[in-house]
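Notes follow once the structure below has been shown.
The values are calculated or read from the model by the stated rules, or taken from the named source; none is laboratory data. Remember, predicted model here, so these are calculated numbers, not experimental data. Virtual Cβ from ideal backbone geometry, glycine too; neighbours counted across all protein chains shown. Protein only, heavy atoms only, side chains kept; ligands, DNA and RNA dropped before computing areas. Shrake-Rupley method; radii C 1.70, N 1.55, O 1.52, S 1.80 Å.
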Amino acid sequence: MVTYGTKPAPYLATRCLLQLAHEGKNKHPLATPVIENSTYMDDILSGADNITTSKEMQRQLIILMKEGCFHLYKWSANSEELFKDVPTENKEFLFSENDELVKTLRLSWRPREGTFMYQMNLQEVPVTITKRTVLSFISKLYDPLGLLQPIIIKAKMMIQKIWLLKIDWDQNLPRQEIENFQRYVAELHQLKDLKIPRCILLKDSVAIQLIGFAYASAHAYGACIYKIYKKPILKLNLSLGRVSKNMIQHFSQFKAFGQY
């Protein structure tokens, strides 16, 4: 039994799942790697290349989780075939006209289109803009896939610049910084139009190339990796970004980073 609210509760809950996967690896070979590698807190995200494998994985996962007294709810999928044996009350996506988005790991997923979207709950900009309000706003920007780094890095640079002003938490920011923040928030609303394909690997691809780019400046450095199919199709797989800690002092080091 795991008593929630105690310090070891997160570890114990995760450890129970790993033990369950270990004990069922012979009877349920498809479900075991899903539990071990595709479980995030209380969410499980996985899939397969075809319906037959997906249904068998689903069947094994349901049986194995029940053996540990874990019951799976809020099922979502991009195929109605996977919902045939799932009770209606256990479904989150019903393939009806009103079912458009499914929230997963704070991302919005359109099962029919197979795309991810970012729908941020952007509040109105406070009348009084201080270091506290800016940091509070920016800390709500969530990018689990690392695909918004060109946008997130601007927010990090803004916080760094405000921090170097050495002003109090609740003191009004200089006019220039207020205008920069207001402009940044206004531009964030454009994210609602961004759609990112969920599938990054086409099964009929003959050849795949990974191409990485990196660059650095006095203010920040970053890298991204693209996957190119023989079709050719270009898809972004990963991006990373960091602000430089010492600004100008180590500029030569960051330039070297961008050369690899």
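Results, tabulated for the structure shown:
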{"read-out": "Any pair with Cβ under 6 angstrom, 6 or more apart, that starts in the stretch 125-139 at a residue that is among the charged types (D, E, K, R) and ends at one that is open to solvent by less than 60 Å² (accessible area, probe 1.4 Å) and part of a helix (DSSP H, G or I)", "value": "Lys131/Ile162"}
{"read-out": "Some residue of the stretch 7-23 being assigned to a loop (DSSP other than H, G, I, E, B), open to solvent by less than 60 Å² (accessible area, probe 1.4 Å) and of a type outside the set (Asp, Glu)", "value": "no"}
{"read-out": "Looking only at the stretch 135-177, and only at residues there that are hydroxyl-bearing (Ser, Thr, Tyr) and assigned to a loop (DSSP other than H, G, I, E, B), the one that is surrounded by the most Cβ atoms within 10 Å (Cβ to Cβ)", "value": "Tyr142"}
{"read-out": "Identity of the residue in the stretch 96-110, acidic (Asp, Glu) and within 22 Å of the chain's Cα centre (by Cα), that ends up modelled with the highest pLDDT", "value": "Glu100"}
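For every residue, the table says whether it meets (1) within 24 Å of the chain's Cα centre (by Cα); (2) part of a helix (DSSP H, G or I); (3) under 27 Å from Leu101 (Cβ atoms).
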site: Asn26; (1), (2), (3): no, no, no
site: Thr32; (1), (2), (3): yes, yes, no
site: Ile35; (1), (2), (3): yes, yes, yes
site: Met57; (1), (2), (3): yes, yes, yes
site: Ile63; (1), (2), (3): no, yes, no
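Yes/no matrix, rows are residues, columns are (1) over 23 Å from the mean Cα position of the chain (by Cα); (2) basic (Lys, Arg); (3) open to solvent by 30 Å² or more (accessible area, probe 1.4 Å):
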| position | (1), (2), (3) |
| --- | --- |
| Asp43 | no, no, yes |
| Gly47 | no, no, yes |
| Lys66 | yes, yes, yes |
| Leu72 | no, no, yes |
| Ala77 | no, no, no |
| Leu82 | yes, no, no |
| Lys91 | no, yes, yes |
| Leu94 | yes, no, yes |
